[in-house]
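Note sheet for the following structure.
Taken together, the values in this text are just the output of simple stated rules run on the coordinates, not laboratory data. Keep in mind that this is a model prediction, so the values were computed, not measured. Here the Cβ is made from the backbone with ideal geometry for all residues, glycine too, and neighbour counts use every protein chain on show.
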Ligand SMILES: [Zn+2]
């Protein structure tokens, strides 16, 4: 194959991908040159869009992967990981979003933070973080900021954030899971609700000295937080959480 200028394609970046392109290319279709050896990944990255930010590419309306070699006049649409699209999971560039979804949750959404941890998501939360801290954590740790504060989401340093509409915790969790298409990512009861650490199964012998007499008597399955050491077992509180998780799953 000869290497050289092949022609032009028409490219449009959607939603937050516009944050990567030059101002005059935002929110509109732009004509972009490509060379014969280049893939659609090269074309997008030449515009300033890191491929890690892209979750779906449509070429003339059909999903393609990063190795697709453009033809003259192709219409290329690039969508970010966070664009909720009703396209079915098969069309996505990867079966799951590119990044592991992890979150930083605003101070006043503590119940949502705990519920997301219960569902297995990696959640940073503190009851006294200021806006600056939330923004720094979001950017520095690539965490999606969940907040009900529109002003906070307008901060320049926040590139990944979701406005939570509902004021009801289960609805809030559903919003996040639906918006980011995280149904397949639920891993209930794998993470410490208190500190976000990972839970690991432990034998009764390993934890027996820390158990109250009734717990010691009636329960045989335990897990322990690798970070803070908190011990979990399927007690009555757990049963309530199981029913919440089932209720959420039914609505997804
Ligand atoms: Zn813990």
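Residue 51 to residue 212: extension gain in nm, 0.36 nm per residue of separation minus the Cα-Cα distance? If you can, show how the numbers build up before the last one.
Details: separation 161, 0.36 × 161 = 57.96 nm, distance 5.22 nm.
This chain segment gains 52.7 nm when fully extended.
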| request: Largest first and to the nearest Å, give the Cα extent of the chain along each principal axis. | output: 77, 39, 30
| query | Which residues in the range 159-200 have a backbone N closer than 19 Å to a point placed 7 Å from the Cα of residue 15 along the Cα-to-Cβ line? | reply | 159-166, 172-186
| Mind checking the angle between helix 131-140 and the chain's longest principal axis? C-alpha axes, 0 to 90 degrees, to the nearest 10. | 70 degrees
| Two-site FRET efficiency, residue 219 against residue 150, from Cβ-Cβ distance with R₀ of 51 Å, rounded to 0.05 | 0.70
| request: Could you please state, rounded to a whole Å, how far the C-alpha centre of the range 167-243 is from the C-alpha centre of the range 23-64? | output: 42 Å
| query | Per the helix-only calculation at 222 nm, which mean residue ellipticity applies to the chain, given -39500 (n - 2.57) for every DSSP H run of n ≥ 4 and division by its residues, nearest 500 deg cm²/dmol? | reply | -7000 deg cm²/dmol
| query | Angle between the Cα long axis of helix 236-250 and the longest principal axis of the chain, 0 to 90 degrees, nearest 10? | reply | 30 degrees
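Computed FRET efficiency, Cβ-Cβ of residue 35 and residue 194, R0 41 Å: what is it to the nearest 0.05?
Efficiency, rounded to the nearest 0.05: 0.15.
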| request: Give the percent of DSSP beta bridges with both residues in the chain that are antiparallel, rounded to the nearest 5. | output: 60 percent
| remark: A correct Stokes-Einstein calculation for the range 130-252, using the alpha-carbon Kirkwood radius, 25 °C and 0.890 mPa s, returns a whole-number D in µm² s⁻¹ of 144 µm²/s
